[in-house]
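Everything on this sheet refers to the single structure shown next.
The values are calculated or read from the model by the stated rules, or taken from the named source; none is laboratory data. These figures come from a predicted structure and were not determined experimentally. Using ideal geometry, Cβ is built from the backbone for each residue, glycine included, and neighbour counts are taken over all protein chains shown.
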Amino acid sequence: MIGETANGALPRSAAKTFCVSGLGTALEFYDFVIYGTAAALVFPQVFFPDMDRLTATLVAFAAFGSGFFARPIGGIVFGHFGDKVGRQKVLVTTLLLMGLSTLLIGCLPGHATLGVYAPLLLVLLRLVQGFAAGGEWGGAALFGIEAAPPGRRGLWGSFTSMGIGVGGILGAAVFAIVSALSDNLADFAWRIPFWLGGALVFVGLYARLRIVAVEPPQAKKPRPMPLAEALRQRPRELLLCTGIAFGYCTIAYIGSTFFLAYATQVGYGSTDALMFDLTLSIAIVISAPLFGLLSDRYGRRSVMIFGALIMALGLFAFFPLVNRHDLLTSLLAYAAVGALMGATQGPIPAFLGEQFPREMRYSGISASYQIGAALGGGTASSVATAILIATDHNPLGVAIYGAAALALLALCSYLLRETAHLSMAQIDAGLTRSPGCAPAPRPVP
């Protein structure tokens, strides 16, 4: 069992765990961030030049969202193999797929060269990214949760959430530098972040090949379909976890992609918008582990509900602040949004992972999270942009849309069983059943 050092600091294995669950996810999310950034700033010109700017942005976001609909398939496939053959092999595979697709996007000719085939190939590569991401998040989260010392699953699970923020920082920083040094971002410079992302995958690959994951013990009579067992034993948990993922991913991708496009729509330059995105990501890296740690002490449900409520209120303050067209005020608004997003982002990996026993955990967390991500995150930027068009650029409708998603997150969190103070042995023994439900059968020894 892993404990704390004499001075209260987490042991060295925490750093190793972060390298696998945090940095690996950072490289994965970097790829998503640069795609979302390019969809907001560049792809309308490169791949959809015959449309007006706002409509082209809407179509580019739709292409961005297409990858989300491959995520549930990836979650089911990789979740199955993660439960059957182990976490590490799956995490290596997802990283390689993401890196290759990112590199190829950077090499893809635009509409002027390939015509209609250019956006079609863009969507195809986005689908490959989504398929890989479907298995990445759950495996990375479980790597941290299952290696955590007692009373620290929320904190160690938040390494994955921190990785998402780190990926956002890398993506925004690289695009900001390229944008500042280039006279025309849409001409050639936009490809550089994609090429760099393909190369950086080797860093995460090195970490994942060197560190052995905490693998689930093999059952004497292995069940052929862990997801089928999750559907049979934990249907309520699967549904509620999907609702949480829907709510969280909706607001997360409004924050990471739509907010970026919105800044340019109200008059900020692309470099200013990237500074906003960088500020938001830094705030997430700081706040996610803090709220993960708070969830270890006060419980997952209370922190998640609190985070959803304050984030919903923050949305209604965010747009008026940005619309003041003051750079410092807008930077503070983006920083506040990032800090509030961490209140739900930090505890989510542990909260969802604790709803399933070990033998079906990878399948359960991946399927529920990725279905929610597809339905919520995959449509968030497009829906928010469509609302902005329909309301003559009035952002109030977007704030209401985001608040409704957060209300669903809060409701599903309230209905899930609190598991923060149960040991993993108790969770694996089936002691996380919902009130009023029959006890789940113990795993086969």
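Which of the residues that make up region 302-313 are in contact with a helix residue (DSSP H, G or I) (Cβ under 7 Å, 6 or more places away or on another chain), surrounded by fewer than 21 Cβ atoms within 10 Å (Cβ to Cβ) and of a type outside the set (Val, Ile, Thr)?
PHE306, LEU309 - these are the residues of region 302-313 that are in contact with a helix residue (DSSP H, G or I) (Cβ under 7 Å, 6 or more places away or on another chain), surrounded by fewer than 21 Cβ atoms within 10 Å (Cβ to Cβ) and of a type outside the set (Val, Ile, Thr).
Consider region 93-122 and keep the residues that are of a type in the set (Val, Ile, Thr) and surrounded by fewer than 16 Cβ atoms within 10 Å (Cβ to Cβ). The one that is farthest from TYR369 (Cα to Cα) is THR113.
Residues considered: ALA384, ALA380. Of these, the only one that is buried (at least 24 other Cβ atoms within 10 Å of the Cβ), in a helix (DSSP H, G or I) and at pLDDT below 90 is ALA380. Against the condition assigned to a helix (DSSP H, G or I) and either farther than 18 Å from LEU406 by Cβ or of a type in the set (Ser, Thr, Tyr) (or both), how does LEU309 come out, does it pass? The answer is no for LEU309. For region 110-220, the helices (runs of 4 or more DSSP H) that sit wholly inside it and include 3 or more residues that are without any contact (Cβ under 8 Å) to a residue 40 or more places away in the chain are 117-147, 153-181, 191-210.
Scanning region 392-423 for residues that are under 18 Å from ALA317 (Cα atoms) and part of a loop (DSSP other than H, G, I, E, B) yields a total of 3. Please work out which residue is modelled with the lowest pLDDT, limiting yourself to region 184-205 and to residues that are more than 21 Å from the chain's Cα centre (by Cα), surrounded by 13 or more Cβ atoms within 10 Å (Cβ to Cβ) and among the aromatic types (Phe, Trp, Tyr). Restricting to residues being more than 21 Å from the chain's Cα centre (by Cα), surrounded by 13 or more Cβ atoms within 10 Å (Cβ to Cβ) and among the aromatic types (Phe, Trp, Tyr), the top hit is TRP190. Residue count for region 402-424 under the criterion of being within 21 Å of ILE254 (Cα to Cα) and aromatic (Phe, Trp, Tyr): the result is 0. Within region 378-400, being free of Cβ contacts under 8 Å to residues at least 40 places away in the same chain and not hydrophobic (A, V, I, L, M, F, W, C) holds for THR391, ASP392, ASN394, GLY397. Scanning region 65-91 for residues being buried (at least 24 other Cβ atoms within 10 Å of the Cβ), over 17 Å from ILE254 (Cα atoms) and touching a Gly at 6+ places or on another chain (Cβ under 7 Å) gives a total of 10.
Does VAL128 satisfy the criteria of being within 26 Å of LYS84 (Cα to Cα), out of contact with any strand residue (DSSP E or B) (no Cβ under 9 Å at 6 or more places or on another chain), surrounded by fewer than 23 Cβ atoms within 10 Å (Cβ to Cβ) and not basic (Lys, Arg)? Considered against the rule, which asks whether it is within 26 Å of LYS84 (Cα to Cα), out of contact with any strand residue (DSSP E or B) (no Cβ under 9 Å at 6 or more places or on another chain), surrounded by fewer than 23 Cβ atoms within 10 Å (Cβ to Cβ) and not basic (Lys, Arg), VAL128 comes out as yes. Residues of region 38-64 being buried (at least 24 other Cβ atoms within 10 Å of the Cβ), in contact (Cβ under 8 Å) with a residue 24 or more places away in the chain and small (Gly, Ala, Ser), which ones? Answer for region 38-64, where residues must be buried (at least 24 other Cβ atoms within 10 Å of the Cβ), in contact (Cβ under 8 Å) with a residue 24 or more places away in the chain and small (Gly, Ala, Ser): ALA38, ALA39, ALA40. Is it true that GLY255 is assigned to a loop (DSSP other than H, G, I, E, B), farther than 25 Å from GLY364 by Cβ and not β-branched (Val, Ile, Thr)? Judged against the criteria, GLY255 is not a match. Filter region 261-278 down to residues that are closer than 17 Å to ALA186 by Cα and buried (at least 22 other Cβ atoms within 10 Å of the Cβ), then give me how many there are. Number of matching residues: 3.
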